[in-house]
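Colleague: Starting off with a structure, shown below.
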Amino acid sequence: MMEVADKLFLYLEYPFVRYALIVGVLIALCSSLLGVTLVLKRFSLIGSGLSHVAFGATAVAAAMSLTNNYVLVLPVTIACAVLLLRTGQNTKIKGDAAVAMISVGALAIGYLIMNVFSESANLSGDVCATLFGSTSILTLTVAEVWLSVALSILVIAVFLLFYHKIFAVTFDEDFSTATGVRAQVYNLVFAVAIAVIIVLAMNLVGALLISALVIFPALSAMRVFKSFRAVTVCSVVVSVVCAVLGLLVSIVAGTPVGSTIVAVDIGGFALFSVAGLIARRL
Amino acid sequence: MPQLSCQDLTLGYEGKAVASGLSFTVGAGDYLCIVGENGCGKSTLVKTLLRLKAPMAGQVVVGDGLRPGEIGYLPQQTVVQKDFPASVREVVRSGCLNRCGLRPFYNRAEKQMAEENMDRLGVSSLAKRCYRELSGGQQQRVLLARALCATRKILLLDEPTAGLDPKVTAELYALIGRLNDEGITIVMISHDVGASVRYASHILHIGKGSALFFGTKAAYLESEAGRAYADVGGGQA
């Protein structure tokens, strides 16, 4: 036990480990904030769809040898988020089909572009890193850390400012619109926020595992708590705790960061499911 | 000046008219029931009155000090709400949102109003309960309280008694009647012609494609449409 603790303190001396923890906590916090609403809106898979779009955009950015790929990835992902969350009323292709279409399309095109244009010697390594996150959280530059911090704070601020509106629009969009709340505007704000988080979260867990970060904390919290506020607070706590635990375990045990965090999230979900069952029996 | 007046409305989806030639008015304190068969355009009419959907022709005019966005609405249950974690208080308070504007939180007056409306509908004791765990009748009361937070003048109810048992249905009708007595205008979509005739002051009967009747309840009972319907549904009345 002491050895593990020693090893941990040793690692925490390194700045890149501290950066990983800071950014990891922020990403976990933001993704779980928005996750509750996404799950309730029946948009659980949107995280995965958008992350594939971000993957495609990353590939294009790499092919164009952009130094800062956020310049391209962020706008493209935001555009797709707006497009997808706007679905429902007047689209020819319905919700889940649109998500599936955009996500596999972006994945395929992304991989194609990476293959054709990549000058890297280790192509499959690059692809794997983008899809599963592997080490990118541990190789963040100071600038990337600050960007992540700024964007996370922006998302948290938007969520707090629009908390009641997001609740009302998610619970009953027709009622909100009918009583003069501009539901479309809030849906748009929400779409932008989710896109920002997806792009940030790619660093932490990689494109394929983002959905887990978005839905597991929300679903865990919904097993036990019954009000929107309690569910939101609980899912944030669960998400942050799981992310920190997962990061620490992966650093000490040398496992891949993304999948370790998701594994801890699954454990958390199991725990809350049992707790929920017990609470209902009492 | 009536609170709502519709002139020669044509309603429909994607260029196909469902109902046309709908003209009627709703004055302050009226209790209007809109009856008709499935598919005659009742739900579309609701969406149009709430301005969720533009009419294909004609217009809806609000007057008598009623602003658009001030219509309290009791919708039919949606799938999302079946497993939505929300406390009763959170749901009722969300009705105040149209008063908030850009202010991010509810102020004291709005919270107070939510409490008063919960009291008024007898759901105060449920304030901390989870909305999805309530019975159908309790859920409707909660949504009514929310609608009352959004308006002081007019309520639009879409099949409020769907899926409720007869006892709860009667209680809900009594409650709606009481709100009407307190001066709130009621516009109600209903399948239940018997109850409509019993409680309403005015009836709008939409037939296949056009309005069959609009007028007071007494005139409706004398009319051809009313008599034809009373023969079918009269047993319940």
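Colleague: Out of the residues in segment B:184-237 that are polar (S, T, N, Q) and in a strand (DSSP E or B), state the one that is modelled with the highest pLDDT. Step through it out loud before you land on a result.
Modeller: Kept after step one, since they are polar (S, T, N, Q), are these residues of segment B:184-237: B:185, B:190, B:196, B:201, B:210, B:216, B:223, B:236.
Of the ones still in play, those that are also in a strand (DSSP E or B) are B:185, B:190, B:210, B:216.
Working: B:185: 92, B:190: 85, B:210: 67, B:216: 82.
Per the stated criteria, the residue is B:185.
Colleague: Still on this structure, I have one more. Look at residue A:207 and say whether it is in contact (Cβ under 8 Å) with a residue 40 or more places away in the chain and touching a Phe, Trp or Tyr at 6+ places or on another chain (Cβ under 8 Å).
Modeller: Values: in contact (Cβ under 8 Å) with a residue 40 or more places away in the chain: yes; touching a Phe, Trp or Tyr at 6+ places or on another chain (Cβ under 8 Å): yes.
For residue A:207, the condition - in contact (Cβ under 8 Å) with a residue 40 or more places away in the chain and touching a Phe, Trp or Tyr at 6+ places or on another chain (Cβ under 8 Å) - is met.
Colleague: Further question: Check residue A:162 against each of (1) within 14 Å of another protein chain (Cβ to nearest Cβ); (2) under 17 Å from the mean Cα position of the chain (by Cα) and name the one condition it does not meet.
Modeller: (2)
Colleague: Can we say residue B:181 is modelled with pLDDT of 90 or more, within 18 Å of the chain's Cα centre (by Cα) and more than 14 Å from chain A (Cβ to nearest Cβ)? Walk me through it before giving the result.
Modeller: Working: modelled with pLDDT of 90 or more: yes; within 18 Å of the chain's Cα centre (by Cα): yes; more than 14 Å from chain A (Cβ to nearest Cβ): yes.
Spelling it out, residue B:181 is indeed modelled with pLDDT of 90 or more, within 18 Å of the chain's Cα centre (by Cα) and more than 14 Å from chain A (Cβ to nearest Cβ).
Colleague: For segment A:1-92, which helices (runs of 4 or more DSSP H) that fit wholly inside it have 2 or more residues that are surrounded by 17 or more Cβ atoms within 10 Å (Cβ to Cβ)?
Modeller: It comes to A:15-40, A:46-63, A:70-85.
Colleague: Can you go through B:101, B:39 and tell me which one is of a type in the set (Gly, Ala, Ser) and over 30 Å from residue A:38 (Cα atoms)?
Modeller: On the way: B:101 fails: over 30 Å from residue A:38 (Cα atoms).
Residue meeting the stated conditions: B:39.
Colleague: Mind checking which pairs have a first residue in segment A:1-19 that is touching a residue at least 60 places away in the same chain (Cβ under 8 Å) and a second that is of a type outside the set (A, V, I, L, M, F, W, C), Cβ under 8 Å, 6 or more apart or different chains?
Modeller: Filtered contacts from segment A:1-19: A:16/A:139; A:17/A:11.
Colleague: So, in segment A:166-175, exactly how many residues are within 7 Å of chain B (Cβ to nearest Cβ), crowded, with 20+ Cβ neighbours inside 10 Å and within 19 Å of residue B:68 (Cβ to Cβ)? Working first, answer last.
Modeller: As a first pass, look at segment A:166-175 and keep what is within 7 Å of chain B (Cβ to nearest Cβ): A:167-168, A:171-172, A:174-175.
With the extra rule that they be crowded, with 20+ Cβ neighbours inside 10 Å, the set shrinks to A:167-168, A:171-172, A:175.
Remaining after also requiring within 19 Å of residue B:68 (Cβ to Cβ): A:168, A:172, A:175.
Residues in segment A:166-175 being within 7 Å of chain B (Cβ to nearest Cβ), crowded, with 20+ Cβ neighbours inside 10 Å and within 19 Å of residue B:68 (Cβ to Cβ): 3 in total.
Colleague: On the given criteria, is residue A:209 out of contact with any Pro (no Cβ under 9 Å at 6 or more places or on another chain), away from chain B (no Cβ under 14 Å), crowded, with 24+ Cβ neighbours inside 10 Å and part of a helix (DSSP H, G or I)? Outline the logic, then answer.
Modeller: Numbers: out of contact with any Pro (no Cβ under 9 Å at 6 or more places or on another chain): yes; away from chain B (no Cβ under 14 Å): yes; crowded, with 24+ Cβ neighbours inside 10 Å: yes; part of a helix (DSSP H, G or I): yes.
Yes, satisfied.
Colleague: Additional query: Which one of the conditions (1) surrounded by fewer than 15 Cβ atoms within 10 Å (Cβ to Cβ); (2) of a type in the set (D, E, K, R); (3) touching a residue at least 12 places away in the same chain (Cβ under 8 Å) does residue B:64 fail to meet, given that it meets all the rest?
Modeller: That leaves (1) as the condition not met.
Colleague: Against the conditions (1) at pLDDT 80 or above; (2) on the phi < 0 side of the Ramachandran plot; (3) in contact with a strand residue (DSSP E or B) (Cβ under 9 Å, 6 or more places away or on another chain), where does residue B:40 fall short? Just the number, please.
Modeller: That leaves (1) as the condition not met.
Colleague: Considering segment B:118-130 alone, what residues qualify as being within 14 Å of another protein chain (Cβ to nearest Cβ), assigned to a helix (DSSP H, G or I) and either of a type in the set (Gly, Ala, Ser) or within 14 Å of residue B:152 (Cβ to Cβ) (or both)? Reasoning before the result, please.
Modeller: At the first step, the residues of segment B:118-130 found to be within 14 Å of another protein chain (Cβ to nearest Cβ) are B:126-130.
The next check asks that each one be assigned to a helix (DSSP H, G or I); those that pass are B:126.
None; the set is empty.
Colleague: Go through segment A:177-189 and give me each residue that's within 7 Å of chain B (Cβ to nearest Cβ) and either crowded, with 19+ Cβ neighbours inside 10 Å or at pLDDT 85 or above (or both). Spell out the reasoning first.
Modeller: Initial filter on segment A:177-189 (within 7 Å of chain B (Cβ to nearest Cβ)): A:177-181.
Within segment A:177-189, A:177, A:178, A:179, A:181 meet the criteria.
Colleague: For segment B:67-90, name all the residues that are in a helix (DSSP H, G or I), β-branched (Val, Ile, Thr) and buried (at least 20 other Cβ atoms within 10 Å of the Cβ). Steps first, answer last, please.
Modeller: First, the residues of segment B:67-90 that are in a helix (DSSP H, G or I): B:80-83, B:88-90.
From what is left, the residues that are β-branched (Val, Ile, Thr) are B:80, B:88.
B:88, the sole residue that qualifies.
Colleague: Within segment B:133-181, how many residues are of a type in the set (Ser, Thr, Tyr), under 21 Å from residue B:115 (Cα atoms) and out of contact with any Phe, Trp or Tyr (no Cβ under 9 Å at 6 or more places or on another chain)? Steps first, please.
Modeller: Let us first name the residues in segment B:133-181 that are of a type in the set (Ser, Thr, Tyr), namely B:135, B:151, B:161, B:169, B:173.
Still in the running and under 21 Å from residue B:115 (Cα atoms): B:135, B:151.
Applying the additional criterion that residues be out of contact with any Phe, Trp or Tyr (no Cβ under 9 Å at 6 or more places or on another chain) yields B:135.
So the answer is 1.
Colleague: Can you name the residue in segment A:125-153 that is among the polar types (S, T, N, Q) and in a helix (DSSP H, G or I) and is also modelled with the lowest pLDDT among such residues? Working first, answer last.
Modeller: Of the residues in segment A:125-153, the ones among the polar types (S, T, N, Q) are A:130, A:134-136, A:139, A:141, A:148, A:152.
Add one more test, that the residue is in a helix (DSSP H, G or I), and what stays is A:130, A:136, A:139, A:148, A:152.
Details: A:130: 75, A:136: 71, A:139: 77, A:148: 89, A:152: 92.
That would be A:136.
Colleague: Quick check on this structure: which one of B:57, B:19, B:28 is buried (at least 21 other Cβ atoms within 10 Å of the Cβ) and at negative phi? Break it down stepwise before answering.
Modeller: On the way: B:57 fails: buried (at least 21 other Cβ atoms within 10 Å of the Cβ); B:28 fails: buried (at least 21 other Cβ atoms within 10 Å of the Cβ).
None of the others qualify; the one that does is B:19.
Colleague: Oh, and also: Can you tell me which residue within segment A:215-226, out of those that are more than 10 Å from every other protein chain (Cβ to nearest Cβ) and hydrophobic (A, V, I, L, M, F, W, C), is surrounded by the most Cβ atoms within 10 Å (Cβ to Cβ)?
Modeller: That would be A:216.
Colleague: To continue, here is another question. Suppose we filter segment B:134-173 for residues that are buried (at least 17 other Cβ atoms within 10 Å of the Cβ), outside any helix (DSSP H, G or I) and in contact (Cβ under 8 Å) with a residue 60 or more places away in the chain; how many remain?
Modeller: 9
Colleague: Between a first residue in segment A:153-167 that is closer than 14 Å to residue A:36 by Cβ and a second residue that is at pLDDT 90 or above and among the charged types (D, E, K, R), which pairs have beta carbons less than 7 Å apart while being 6 or more apart in sequence or on different chains?
Modeller: That search, which allows pairs on different chains as well, returns A:167/B:90.
Colleague: Oh, and also: State the number of residues belonging to segment B:116-137 that are at pLDDT 90 or above and either hydroxyl-bearing (Ser, Thr, Tyr) or within 14 Å of residue B:165 (Cα to Cα) (or both).
Modeller: Number of matching residues: 3.
Colleague: Can you name every residue in segment B:37-95 that is farther than 26 Å from residue B:196 by Cα, more than 8 Å from chain A (Cβ to nearest Cβ) and among the small types (Gly, Ala, Ser)?
Modeller: Answer for segment B:37-95, where residues must be farther than 26 Å from residue B:196 by Cα, more than 8 Å from chain A (Cβ to nearest Cβ) and among the small types (Gly, Ala, Ser): B:54, B:57, B:58, B:65.
Colleague: Now for a different question. Taking segment A:227-272 as the search range and keeping residues that are without any contact (Cβ under 8 Å) to a residue 60 or more places away in the chain and of a type in the set (Phe, Trp, Tyr), which one is farthest from the other protein chains (Cβ to nearest Cβ)?
Modeller: A:269
The values are calculated or read from the model by the stated rules, or taken from the named source; none is laboratory data. Note that the coordinates shown come from a computational prediction; the quantities given were computed from them, not determined experimentally. Glycine also receives a Cβ, built like all others from the backbone with ideal geometry; neighbour counts cover every protein chain displayed.
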